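One structure is given here, and the rest of the page talks about it.
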Amino acid sequence: MRQLTKNLRRTIALLALAMVTTALLQRAVAQDQPDQDDPPSRVARLGQIEGSISFQPAGESEWVEAVRNRPMTTGDKVWADKDSRAELSLGSAVIDLNSNTGISFLNLDDRTVQIQLSSGAVSVRVRHLDRDDVFEIDTPNQAFSISQPGQYRVEASEDGSYTVVSVRQGEGESTGNGQTYTVHAGQRATFEGTDTLRAQVEDLRGSDDFDNWIDTRDRRYENSPSARYVSHDMVGYEDLDQNGDWSPDPGYGNVWYPHVNAGWAPYRDGHWAWIDPWGWTWVDDEPWGYAPFHYGRWASIRGRWGWIPGPAAVRPVYAPALVVFVGGGPGGFGGNVGWFPLGPREVYVPSYPVSRGYVNRVNVSNTTVNQTTVTNVYNTTIINKNTTINNVTYVNKTVNGAVTAVPQNSFASAQPVSRSAVRMDARQIAAAPVNARVAVAPTSNAVLGARANTANRVAAPPAAVANRQVVAKAAAPPPPVPFAARQQALAAHPGQPLARQEMAKLRPVGNPAAAHPMVKQAPPGKPATPTMGRPGGQPANPAANQPANRPGNPPAGNERPGANPAQPNRPNNQPAQPNNRPEPNEPQPNNRPEPNRPQPNQPQPNNNRPAEPPTRNDRPPSAQPNNRPEPNQPQPNNRPEPNRPEPNQPLPNNNRPAEPPARNDRPSAQPNNRPEPSQPQPNNRPEPNQPQPNNNHPAEPPAHNDRPSAQPNNRPEPQRNEPAGRPNDRPPQNSQPQAHPAQPQPQPHQPSPEDKKKQDEQRKNDKPNR
């Protein structure tokens, strides 16, 4: 009994210890999990701009000129106008926009990338997907969900009637109107219809100019030397290669030194913009100015600024600006706002609502820092709401030229810092308070950014495209609240963004189904079977597989314009496409009948008369004259069908010589009764059912096409069928073709058989006399 009681006590103690351990682990895990107020740890960077690119911030109606390095998040829109292209990077994925393309982020957070593609073409390179990640591209008639890392291209027609999905690598699923279709690697799927989603799948076609541009951009990531020193999820690392050098340092590890002029300092060439939910965000002007200003730390090393990234094995967390503010607000110095970059092992304190776990992640992923230090700063600045930092020594505060300052009104209106910077001496800097948050309320210009003066004076998508609804599989969050609706609340707490609960109160109360009018939720779908095309990208019926209203822009997926050998409406003076010339002695499809097989309604060959020499099609293009009539035009040398003239063709003139027969190099049986070409033979009997020639004029000698000057175009004559069984021998070279019908030549008198017999007897009788 005593032993049983001892075992029971031991069991209870072990259970209690296990419960305490579990509670501690759950608490630690909870600290590392995103809170509902935590912002996403990633954004999209507008990295590459070519041509006319326009940008519309979340919740706003004005379009402004886009600037490079602008962070983009949920609700932001971008438009690439004619002959323009842009690239957005997410770290784990890259999104390329072709010309006349508009996209918006319906949702962008740590688990979801949901893109609204109203019109145009985008290419998406997905490097990795976690198990619960959602990557979706929504068009007017379907939602395409990416299920594997790979290369994808999605095109939405200008009128919204069809979508083309091309999968180079990976796999995805298209959903629309209760149907789902799976698209595999190497396939190109065309989805038509809005009420009923129809799909045709064929093999992937060749690359076009957009694909080649994408491949060039992708090589910058694959061959980047900087990828050895940073996480591959860090946005913008590929731009460091050509703009600086890496060098090891015994105190900081690998350090990147930018190629800059003397007197340069971090966070000086750019502007401040207001981007929810982070608030004040730095947008740098340098082409490489993204990664070093949203990740890592800066240090002055032997008089030179160097950037130290965080641990390469840790996925980095985006920060709007890794700085500490000096002055700002009523307690600032002379109405100015100043800042300087954080140094290695210094704690970043967000000015926006965050959890303890977020503060840990944003710091440990961007520098080497003790978590105890992070916790102490969090308790002081966020829990106790003491934004003024008095007990921390920042190394960069005392570096000559490290502090940059501008007037508050310049800061609040997104003016370029380099134009409005003010000089501060060391005594002012030492006396100014250091703050985690700058107490300056934003203006509408801060939301639009440095190009606010271009509002509504730039290219924008057509109204039909901008207002077009798309089909979505994943539920999209409500649209962002316009700045005008939250400006008063932001002014009440200068410099601090609104929490999600406060933002929700500013949204209009109404029907939840109408909360996002630009999105149509797709019903659950069932797998459907698409129509399969032929291998090599050639559908069984090309005409039937093309949408009736398919516009010329955007071009077909993965198809270079002009690659189609069939060129309608090609001018007469334009040569045919290279390599499309028929090979000699090869049968050409659809331009002549089968050998030894008469064609319907065609005259049969008369073996008692000289056979027509075949038409030659093996002459080089350089020998081709350029004066042949266009297809479907009256042909000067076409012979009418038996007993019925061709439409719109003049009736045959029996007083004119017969047409010269065409040549054909197709091998066939050679008749043995063919006379020598040098001996023109009269045609004493008419062809069956053919108009009778005028016997008052002899027939034309057969035309021969052996000379380049008289060679017709090497393309087959349209609407002309030639009889089978023609010989293949070439006439003598001395037979000269004529550009015009030859003049009739008198035919020599042919003696009758009786006369020939008498002549032979006469010659025999004359021999002895000789």
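If you filter the stretch 231-244 down to residues that are under 16 Å from residue 42 (Cα atoms) and not charged (D, E, K, R), you find that the one that is most open to solvent (accessible area, probe 1.4 Å) is 232.
Output the residues belonging to the stretch 110-123 that are touching a Lys or Arg at 6+ places or on another chain (Cβ under 8 Å) and more than 15 Å from residue 163 (Cα to Cα). Answer for the stretch 110-123, where residues must be touching a Lys or Arg at 6+ places or on another chain (Cβ under 8 Å) and more than 15 Å from residue 163 (Cα to Cα): just 110. Among the residues of the stretch 33-43, not a single one is open to solvent by less than 10 Å² (accessible area, probe 1.4 Å) and part of a strand (DSSP E or B). For the stretch 215-226, a residue qualifies if it is modelled with pLDDT under 95 and either open to solvent by less than 20 Å² (accessible area, probe 1.4 Å) or outside any helix (DSSP H, G or I) (or both), and the qualifying residues are 218, 221, 223, 224. Consider the stretch 239-266 and keep the residues that are out of contact with any Phe, Trp or Tyr (no Cβ under 6 Å at 6 or more places or on another chain) and in a strand (DSSP E or B). The one that is nearest to residue 284 (Cα to Cα) is 258.
Identify all residues within the stretch 387-424 that are among the polar types (S, T, N, Q) and not in a loop (DSSP other than H, G, I, E, B); write none if there are none. Passing the criteria: 388, 396, 398, 404, 408, 409, 410, 418, 420. Go through the residues of the stretch 332-342 one by one and say whether even a single one is surrounded by fewer than 24 Cβ atoms within 10 Å (Cβ to Cβ) and at pLDDT 95 or above. Within the stretch 332-342, not a single residue is surrounded by fewer than 24 Cβ atoms within 10 Å (Cβ to Cβ) and at pLDDT 95 or above. Is it the case that residue 443 is open to solvent by 30 Å² or more (accessible area, probe 1.4 Å) and at pLDDT 95 or above? Taking the combined requirement at face value, the residue satisfies it. For the stretch 47-71, the set of residues classified as more than 17 Å from residue 456 (Cα to Cα) and touching a Leu at 6+ places or on another chain (Cβ under 6 Å) consists of 70 only.
For the stretch 148-155, check the following and say yes or no: at least one residue is within 16 Å of residue 87 (Cβ to Cβ), in contact with a Pro (Cβ under 9 Å, 6 or more places away or on another chain) and in a strand (DSSP E or B). No: the stretch 148-155 contains no residue that is within 16 Å of residue 87 (Cβ to Cβ), in contact with a Pro (Cβ under 9 Å, 6 or more places away or on another chain) and in a strand (DSSP E or B). The condition (being of a type outside the set (A, V, I, L, M, F, W, C) and open to solvent by less than 10 Å² (accessible area, probe 1.4 Å)) is satisfied by just one residue among 178, 170, 150, 193: 150. Pairing each residue of the stretch 72-90 that is touching a residue at least 40 places away in the same chain (Cβ under 8 Å) and over 16 Å from residue 290 (Cα atoms) with any residue that is of a type in the set (Ser, Thr, Tyr) and buried (at least 22 other Cβ atoms within 10 Å of the Cβ), provided the two are 6+ apart or on different chains, yields C-beta distances under 8 Å for 75/104; 79/54; 79/101; 80/101; 81/54. Counting only strands (runs of 3 or more DSSP E) that fall entirely inside the stretch 58-129 and contain at least 2 residues that are more than 22 Å from residue 218 (Cβ to Cβ) and under 16 Å from the mean Cα position of the chain (by Cα), the qualifying elements are 101-108, 112-126. Apart from one condition, residue 447 fits all of (1) part of a loop (DSSP other than H, G, I, E, B); (2) within 17 Å of residue 56 (Cβ to Cβ); (3) among the aliphatic types (A, V, I, L, M); the exception is (1). Consider the stretch 191-248 and keep the residues that are without any contact (Cβ under 8 Å) to a residue 24 or more places away in the chain and touching a Ser or Thr at 6+ places or on another chain (Cβ under 8 Å). The one that is nearest to residue 143 (Cα to Cα) is 215. Among the residues of the stretch 482-492, not a single one is more than 30 Å from residue 305 (Cβ to Cβ) and touching a Phe, Trp or Tyr at 6+ places or on another chain (Cβ under 6 Å).
When 457, 437, 427 are checked against the criterion of being within 27 Å of residue 347 (Cα to Cα), part of a loop (DSSP other than H, G, I, E, B) and open to solvent by 60 Å² or more (accessible area, probe 1.4 Å), 437 stands alone in meeting it. For the stretch 480-501, the criterion of being open to solvent by less than 70 Å² (accessible area, probe 1.4 Å), of a type in the set (Lys, Arg), under 37 Å from the mean Cα position of the chain (by Cα) and closer than 23 Å to residue 37 by Cα is met by at least one residue.
Among the residues making up the stretch 156-180, those that are touching a residue at least 60 places away in the same chain (Cβ under 8 Å), assigned to a loop (DSSP other than H, G, I, E, B) and of a type in the set (Gly, Ala, Ser) are 157, 160, 161, 178. Of all residues in the stretch 256-283, those being closer than 30 Å to residue 504 by Cβ, aromatic (Phe, Trp, Tyr) and open to solvent by 10 Å² or more (accessible area, probe 1.4 Å) number 1.
Annotation note: Cβ proximity below 7 Å between a residue of the stretch 477-491 that is closer than 15 Å to residue 61 by Cβ and a residue that is of a type in the set (S, T, N, Q) and surrounded by 15 or more Cβ atoms within 10 Å (Cβ to Cβ) (sequence gap 6+ or interchain) occurs for 480/74; 483/444. If the condition is being in contact with a helix residue (DSSP H, G or I) (Cβ under 7 Å, 6 or more places away or on another chain) and under 14 Å from residue 167 (Cα atoms), then the stretch 199-223 contributes 202, 203, 204, 205. In summary, residue 366 fulfils each of the numbered conditions (1) of a type in the set (S, T, N, Q); (2) open to solvent by less than 30 Å² (accessible area, probe 1.4 Å); (3) at pLDDT below 85; (4) in a loop (DSSP other than H, G, I, E, B) with the single exception of condition (3). Residues that are under 22 Å from residue 88 (Cα atoms) and open to solvent by less than 10 Å² (accessible area, probe 1.4 Å) within the stretch 290-315 comprise 290, 291, 292, 293, 294, 295, 296, listed in sequence order.
The values are calculated or read from the model by the stated rules, or taken from the named source; none is laboratory data. This one's a predicted model, so the numbers in the text were calculated from it and none came from an experiment. All Cβ positions, glycine included, derive from the backbone under ideal geometry; neighbour counts span all protein chains shown. SASA here: full protein model, heavy atoms, side chains in, ligands and nucleic acids out. Shrake-Rupley method; radii C 1.70, N 1.55, O 1.52, S 1.80 Å.
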